Amino acid sequence: MKKTLVVSLFSTVLAGPVLAQVQVEDAWVRATVAQQKVTGAFMRLIAAQDARLISVDSPAAGKVEIHEMVMEKDVMKMRPVTAVELPGGQAVELKPGGHHVMLFDLKQAVRVGDTVPLTLVVESGNGKRESIEVTAPVRPLNQAGRGDHGH
């Protein structure tokens, strides 16, 4: 009986929740015009297990925030959020008009053909954090993303 209990407890520890593995698809950054110091980054995130996107960083910007767009009294407003929930097995779109990443104090203009490095920090349900390195291509100002699926 003792051996069974020890083996069962050990198996439970090994089989416990693992760090959320998050797949990043169709990441891109919107191009800027001369003197523009702010832009957005967009992507699709799919977590294997429940997780949360808690921060994003980039050497291309002085400050990076996760934002959401919301309607308040018939006015669309943008505001920072502390995290974006990533339900396990479901695609979450960071897109224009919804949740997205804002890059502030750009160190230089970002032009079509450039790439922007991003580091996403994801927290799993058990509180462990994972950093995901992404290299996002820059797309034209008027493009909502090639894989935007009609958004």
Q: Mind counting the residues in the stretch 116-137 that are surrounded by fewer than 14 Cβ atoms within 10 Å (Cβ to Cβ) and in a strand (DSSP E or B)?
A: 4
Q: Could you check how many residues of the stretch 80-114 are surrounded by 12 or more Cβ atoms within 10 Å (Cβ to Cβ), without any contact (Cβ under 8 Å) to a residue 24 or more places away in the chain and part of a strand (DSSP E or B)?
A: 0
Q) Any idea which residue in the stretch 47-79 is surrounded by the most Cβ atoms within 10 Å (Cβ to Cβ), counting only those that are farther than 18 Å from residue 129 by Cα and of a type in the set (Gly, Ala, Ser)? A) 61
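Any read-out appearing in this document is the output of simple, stated calculations on the displayed coordinates, not a laboratory observation. Computed from a predicted model, the values in this text were never measured in an experiment. Counting neighbours? That spans all protein chains shown, and the Cβs are built from the backbone with ideal geometry, glycine included.
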